[in-house]
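Please read the structure below before turning to the comments.
The values are calculated or read from the model by the stated rules, or taken from the named source; none is laboratory data. Given the structure is predicted, the values throughout are model-derived calculations rather than measurements. For neighbour counting, all protein chains shown are included, and Cβ atoms are generated from backbone atoms with ideal geometry for every residue, glycine included. Areas reflect the complete protein model, heavy atoms only, side chains present, ligands, DNA and RNA absent. Shrake-Rupley method; radii C 1.70, N 1.55, O 1.52, S 1.80 Å.
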Amino acid sequence: MPTRRDVLRATAAGAAALAAPRLALAQEGKFTLPKLPYATDFLEPVIDAETMTIHHTKHHQAYVDNLNKALEKAPEWYGKPVEEVLRNLDKLPKDIQTAVRNNGGGHLNHSQFWTMMTKPGASAGPTGELAKAIDASFGNLDGFKKAFAAAAQTRFGSGWAWLVVGTDKPLAVVSTPNQDPPLLDGKAPVLGIDVWEHAYYLKYKNARPKYVEEWFKVVNWDTVADLYSKAKKS
Ligand code: MN
């Protein structure tokens, strides 16, 4: 008759045996590509399905893969939120800091970017506290769009334009180069547009201003309001 202790021991051994193959794949805690929150053609015609597919499964996947590869030299950071890794860049080995900044930033920015968009026209516009904050910061929604579009269009080369929680006003528009996330400057983003050519070139070619103008149609204002509310509380 097995004792209770025997049973527990056997169960623990069984669990360890089940867990072992997963550990053997060395995937525990590594960063993974999040699923898109919608089908690849959901943002058509503003963003075409082919661009979405390549952007998600090639570009975003590459940031995830290269982040994991860089952190092979500092595996204690696997399993930590990517924001925490980016806030602690100076604690990483010097020779991987740039790779983690670029690829960790790319992973974070794209993970947020997908949730900031929805079906064209499905999200009417900012309401409530967010609408008040936009009016207080930019005069009105058009004022915000002009400031945001200017930041997106004048970002030389590759980068992002952002709406962030402000210091003297409730909200501010900034832009960042490459894949630098606003948190590197201590700022909390509530909306961001990817202005790397890979985000628009198949459909808009060199016409970044046209892409930016069309992109306002897919902004998910519910996500923006949610991020704004969370950022104000933290
Ligand atoms: Mn991108």
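Would segment 213-221 turn up any residue that is within 22 Å of Thr53 (Cα to Cα) and in a loop (DSSP other than H, G, I, E, B)? If you could, list the steps in order and put the result at the bottom.
Applying the first criterion (within 22 Å of Thr53 (Cα to Cα)) to segment 213-221 yields 213-220.
Adding the requirement that they be in a loop (DSSP other than H, G, I, E, B) leaves 220.
Yes - at least one qualifying residue is present in segment 213-221.
Taking segment 197-215, which residues are within 16 Å of the ligand (Cβ to nearest atom) and either within 19 Å of Pro120 (Cα to Cα) or open to solvent by 60 Å² or more (accessible area, probe 1.4 Å) (or both)? Can you show your working first?
The first filter runs over segment 197-215 and keeps only residues within 16 Å of the ligand (Cβ to nearest atom), leaving 197-204, 208, 211-212, 215.
Within segment 197-215, Glu197, Ala199, Tyr200, Tyr201, Leu202, Lys203, Tyr204, Arg208, Tyr211, Val212, Trp215 qualify.
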Quick one: count up the residues across segment 55-86 that are surrounded by 14 or more Cβ atoms within 10 Å (Cβ to Cβ) and either within 16 Å of the ligand (Cβ to nearest atom) or within 14 Å of Leu184 (Cβ to Cβ) (or both).
14
Pro93 is checked against (1) under 20 Å from Val173 (Cβ atoms); (2) surrounded by fewer than 21 Cβ atoms within 10 Å (Cβ to Cβ); (3) more than 16 Å from the ligand (Cβ to nearest atom) and fails just one. What number does that condition carry?
(1)
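Of the residues Ala150, Ala172, which is within 29 Å of Lys233 (Cβ to Cβ) and open to solvent by 30 Å² or more (accessible area, probe 1.4 Å)?
Values: Ala150 fails: within 29 Å of Lys233 (Cβ to Cβ).
Only one candidate passes the filter, namely Ala172.
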Given (1) within 16 Å of the chain's Cα centre (by Cα); (2) modelled with pLDDT of 95 or more, number of the condition Arg208 does not satisfy:
(1)
Would you check if there is a residue in segment 40-47 being open to solvent by 30 Å² or more (accessible area, probe 1.4 Å), within 14 Å of the ligand (Cβ to nearest atom) and out of contact with any helix residue (DSSP H, G or I) (no Cβ under 8 Å at 6 or more places or on another chain)?
no
Among residues of segment 165-186 being under 14 Å from the mean Cα position of the chain (by Cα) and free of Cβ contacts under 8 Å to residues at least 40 places away in the same chain, the residue farthest from the ligand (Cβ to nearest atom) is Pro182
Checking Ala133 against (1) of a type in the set (A, V, I, L, M); (2) free of Cβ contacts under 8 Å to residues at least 40 places away in the same chain; (3) farther than 22 Å from Lys210 by Cα; (4) open to solvent by less than 10 Å² (accessible area, probe 1.4 Å), which test does it fail?
(2)
